[in-house]
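S.K.: Please read through the structure below; I'll follow up with questions.
The values are calculated or read from the model by the stated rules, or taken from the named source; none is laboratory data. Because the structure is predicted, anything quoted here is derived from the model rather than measured. Neighbour counts are summed over all protein chains in view; Cβ atoms, including those assigned to glycine, are modelled from backbone coordinates with ideal geometry. Accessible surface areas use protein heavy atoms only, side chains included; no ligands, DNA or RNA. Shrake-Rupley method; radii C 1.70, N 1.55, O 1.52, S 1.80 Å.
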Amino acid sequence: MAFPDNDKQSRILITTRNCNVAESCCSDSHDLIYNMEPLPFEESKKLFYKKVFKLDKCPPLYQDLEVISDSILKKCSGLPLAIVSIGGMLARTKNKTRAEWEKVCDRLGSGLETSATIGGMRRILSLGYHDLPYNVKACFLYLSVFPEDYEIKRGPLVRRWEAEGFISEMHETNLEEVAAKYLDEFVSRSIVTPTRIASTGLVRSCKVHDIMLEVIISKSIQENFISFVGKQQYNTTGHDKIRRLSIQTDGTRSNREQENHNTNFSHARSLIIMCCSKKPLPISFAHLKLLRVLDLEGCWWLSNEDLKQICKMSLLRYLCLRRTNVSKLPKLVGRLKELVTLDVRETSIRELPETATQLGSLKHLLGGRYRHYTRISRVKLFEPHEALMIPRGLKNMKSIQKIAHVDIASSSRAMQELGVLSQLTKLCAMNCEYGGEKWKPFAASLNMLCKSLRHLSIIHWRNMDMGLEIFLELKSPPIFLEQLYLWGRLSVLPPWILSLSYLIELSLRENFFDGPLLRQLG
């Protein structure tokens, strides 16, 4: 047993909002069910003011807001999620005046003042949605495609928002920066909770609270934003036209899902099927000609034959095949002229067909596989011989911004063309062969990318081989580099590292450096 009864005070805690679930978890009459009490009023005030002003109490400049703050807190009835949600919303307002706060208080209605019900909580949390800027509301509603307690990774989320057309570049701000602002907005309003934060302060992944998720789903259904299969309480296939479809099921079909077989999905712009071991519905990819976004991560029923139909979706902008059983991309992939993201990580796909270089709109090419050292997936090891082989013709992919991971040994011709990709900001490359000769075309091209690269990973798998020595004397190192990852044996630290004034994160692994060499970084 994981928690044996050995007088070591081991305990298992189960949290639930359902009394029946709590009672069913009790093994005998002496088991304790602890009912969480609302926060005392003074604690509620501290939490509220910390969220709004980052202080334990109302600052002197805003003393006139104390009375209306008390009224708002009474309607939250000591429920932390309601308090931080309203507090986050008020923290973002430019004019912190009594009149503005009274408007918010009036919009809360009776709130939870008389009865601390989930319904009242939903009404309060809904205010956060109505208060969002117009261009952020679609990104908010899109969070409903993820199952409860799902860890949402920032990268895939941003790429989906981009493919859906929810975000666009503004002036000199790129899509990544715009999306980061939206995600920061959600964090500050307590719409999402960060689960992993980078050393730079960037939110890498997050989760949506289950009650907040119910609010988002409810709004999505109300506005016919997303339709669901697999969530019986949210079934929405009665909509005249399904624009976005999220299928969340284990592959076993309920009676209601059986009725969905005749539902017309031909108007769908997005299809997301989350981690299904069996095909949930007999959907024909050949009929989904209007799809822009197709995410099939974790769908082990997917076959190479299915890919032939998928590659005929000429409007497709986002294709995720991660953790599926596919092993080969068909030549038809070259037809996807609008494709922006191609994610084949953790699949058996090792080689791209020559036609892949015809993808002139592609920005994100993601491949390779890694295993995690820790249960919480913070430390990972990239698997050798799992990177992508890219054919000759890479120079035609003018829009490419991110390549991860490329096998430079089997892509030598493509590496000679790498330097002309002026939009490239992230590059992850690995070599599993002996000697540094294979790195020469890559290093030559790297000198031509000195102004575009922001993230660079170089992995040489032969520990006893000085294969990375070629990088010691780069003629034109990437001067704007923010993240650098070097894996492989080196005699000395590359001198150009010390001149990278924009560098935020440096990772050195299997370099066999001694103390004096590392002290140079001080």
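S.K.: How would you rank 153-160, 30-37, 418-425, highest first, on the average number of other Cβ atoms within 10 Å across their residues? Please report the intermediate quantities before stating the final value.
M.R.: Details: 153-160: 20.0, 30-37: 7.8, 418-425: 18.4.
Taking the mean over residues of other Cβ atoms within 10 Å, the ranking is 153-160, 418-425, 30-37.
S.K.: At a 10 angstrom cut-off on C-beta neighbours, averaged per residue, how do the peptides 296-302, 471-477 rank from highest to lowest?
M.R.: Result, highest mean first: 296-302, 471-477.
S.K.: Evaluate the distance, in nm, between pseudo-label points positioned 7 Å from the Cα of residue 135 and of residue 422 along their respective Cα→Cβ axes.
M.R.: Taking the two extended label points, one gets 2.6 nm.
S.K.: Quick check: at a probe of 1.4 Å, how many percent of the accessible area of the chain sits on carbon and sulfur atoms?
M.R.: 49 percent
S.K.: When ligands, DNA and RNA are left out and all protein chains stay put, how many square angstrom of accessible area per residue does the range 1-87 have with a 1.4 Å probe?
M.R.: 74 Å²
S.K.: State the extension gain, in nm to one decimal, for the chain segment bounded by residue 22 and residue 301, taking 0.36 nm per residue of separation less the distance between their alpha-carbons.
M.R.: Result: 96.8 nm gained on full extension.
S.K.: Sticking with this one: Between residue 14 and residue 188, what length in nm is gained on full extension when 0.36 nm per residue of separation is reduced by their alpha carbon distance?
M.R.: 59.8 nm is the gain from fully extending residue 14 to residue 188.
S.K.: What number comes out for accessible area per residue over the range 421-479 if the probe is 1.4 Å? Units Å², please.
M.R.: 44 Å²
S.K.: Translational D (Stokes-Einstein, µm²/s) of the chain at 20 °C and 1.002 mPa s when Rh comes from the Kirkwood sum over C-alpha pairs?
M.R.: Answer from the Stokes-Einstein relation: 82 µm²/s.
S.K.: Can you tell me the length gained on complete extension of the stretch residue 151 to residue 99, counting 0.36 nm per residue apart and subtracting the Cα distance? Walk me through the numbers on the way to the answer.
M.R.: Details: separation 52, 0.36 × 52 = 18.72 nm, distance 3.87 nm.
Extra length from residue 151 to residue 99 when fully extended: 14.9 nm.
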